[in-house]
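Take a look at the structure set out below.
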Amino acid sequence: MRELHLKGHEDYRTERMSKALRSPLLHPSWSAWAAEFSAALLSALPGRRVARSITGETLGRKPTASSSTPSAPAGLQIRAPKLTWTIRWEKLAGTQSGTAGSTQKSASGRSHYPELDALRGAAAIVVLMNHFQQVWLATSHPHWIARPKLNPLLWLLVNGHASVILFFLLSGFVLTLPSLRGSHQPYPRYLIRRVCRIYPPYLAGLLISVIGCTFFLGRSQYGPEISGFWSARPDLRSILAHLAMVGRFNVYRYDGPVWSLVHEMRISIIFPLLLILSRRLKTWSTLATAAACTLLSSLSLRFLETGLPGSVRATAWSLTLSYCGTFLLGSALAQRREQYSRALGKAPLSTRLALLGAGLLLYLYPPSAMYGIDVSDFAISCGGLILLTFCLQHGSKTTEWLRTAPMQFLGRISYSVYLVHSPVLLVLAYTFYRHSPATFLLPFLALTILLATCIYYSVEVPSIKLGRKVGVAR
């Protein structure tokens, strides 16, 4: 009788939760969003079985026959000593009437987008040019270098921070694609592959930076903005902090751009939970959740992580919360990409031009603050979301250009370019100090691409293969 009572109570709770998730919410207020967000969050918690999407064995509870059959739908399986989750992707997709159709088509759609790889390469070059501009600003320079925002094309070329936000959007997009194919990937296998993808090239970049710091220690020709790099001799404590990677530490000690990789690794660890959340939320709820992440991050930086020096503030945990919202938006775009692309293709030309203008405006010139809250990253994310939707349009000139061989090659080595361009720039800047940085721009680009190519073939490719082998072995 007790088992029947518990089963009846659980079925009643499941039915109530399923009805709540299927209701056509129009989000007229924050309360409606909070209700949907709470329901989605509950589905990500251990032991919750929402709409029969998650079946589990926890603390002695035996799984039902349907959850243990070999023909069970594939998904993400998370195993622990007394905990087993199997997330059924197609069941999760079917609980929302607004996305069920698009998800079904996405399962048979493309699993790889070469144009997005090229876009990542272009973003890496923008970051490279942004840091080159900073070195040029520390010397005699033409006036237009100091005010790049006055020229939208120049600002697009040197807007490094927006490119990092674009990296996060692309990561959320790409990490979601395997789930849409219905592929079965246990969490340990996913995590091993993700660590092998990020960590070994990161170590190679760190080694190059430490060697550069050893030979070019204490150079201060360019003032405090540049001389903060490689200003102290490498020591065991700082190297161990970099090796740990996910903590708070002075990221500008050796290779400044790695601050974004700290957030990338942290979010990658918890991304399956973000994926479940994004599958439950509709479009407006996803935007509201990303905005809430920005709000909570800003408040946390102001009241909880105060007094952090700038070099450590870049790896604050509060910023990771903000970038979780960016990953969430990228994941939502991956799930609804066909739906958004069709809607954009059917829209009138005037509407498409207005959307493109709004996307560029948010991406390049976001509002810095509203009511004392920094909303720039959220605005950049929304602008990047619109621009990515345009890039996904089949047959467009932009897509054809991104699919060309040079752009595809740049996309493949983009991660290594991001890792090694800073030490290459510092070595050239200190070596040719008395010359204008404009004189070593081409050598800077050539050496960075050459070194990045070497790192790609000698470290990245083997580490990716290692992750696949180890993941399969487990």
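A few points about this structure:
- Among the residues of segment 116-147, those that are among the charged types (D, E, K, R) and in contact (Cβ under 8 Å) with a residue 40 or more places away in the chain comprise Asp117, Arg120.
- Taken as a whole, the structure leaves Gly384 outside the set of residues that are surrounded by fewer than 21 Cβ atoms within 10 Å (Cβ to Cβ) and either in contact with a Leu (Cβ under 8 Å, 6 or more places away or on another chain) or over 19 Å from Ser171 (Cα atoms) (or both).
- Among the conditions (1) surrounded by 16 or more Cβ atoms within 10 Å (Cβ to Cβ); (2) out of contact with any Leu (no Cβ under 7 Å at 6 or more places or on another chain), the only one that Ile211 does not satisfy is (1).
- Lone unmet requirement of (1) touching a helix residue (DSSP H, G or I) at 6+ places or on another chain (Cβ under 6 Å); (2) part of a loop (DSSP other than H, G, I, E, B); (3) within 25 Å of Arg337 (Cα to Cα) for Leu166: (2)
- Taking the numbered list (1) of a type in the set (A, V, I, L, M, F, W, C); (2) farther than 30 Å from Ile276 by Cα; (3) modelled with pLDDT of 95 or more in turn, Leu329 passes all entries but (2).
- All conditions but one from (1) among the aliphatic types (A, V, I, L, M); (2) more than 20 Å from Leu295 (Cβ to Cβ); (3) at pLDDT 90 or above apply to Val312; the one that does not is (3).
- Residues that are within 23 Å of Val251 (Cβ to Cβ) number at least 3 in the following helices (runs of 4 or more DSSP H) confined to segment 372-443: 376-391, 414-431.
- Residues of segment 442-457 that are without any contact (Cβ under 8 Å) to a residue 24 or more places away in the chain and among the hydroxyl-bearing types (Ser, Thr, Tyr): Tyr457 alone.
- Selected residue (criterion: modelled with the lowest pLDDT) from residues of segment 338-371 that are in a loop (DSSP other than H, G, I, E, B) and closer than 26 Å to Arg302 by Cβ: Tyr371
The values are calculated or read from the model by the stated rules, or taken from the named source; none is laboratory data. Just so we're clear, the structure is a prediction, and the values are computed from it rather than from any experiment. Neighbour counts are summed over all protein chains in view; Cβ atoms, including those assigned to glycine, are modelled from backbone coordinates with ideal geometry.
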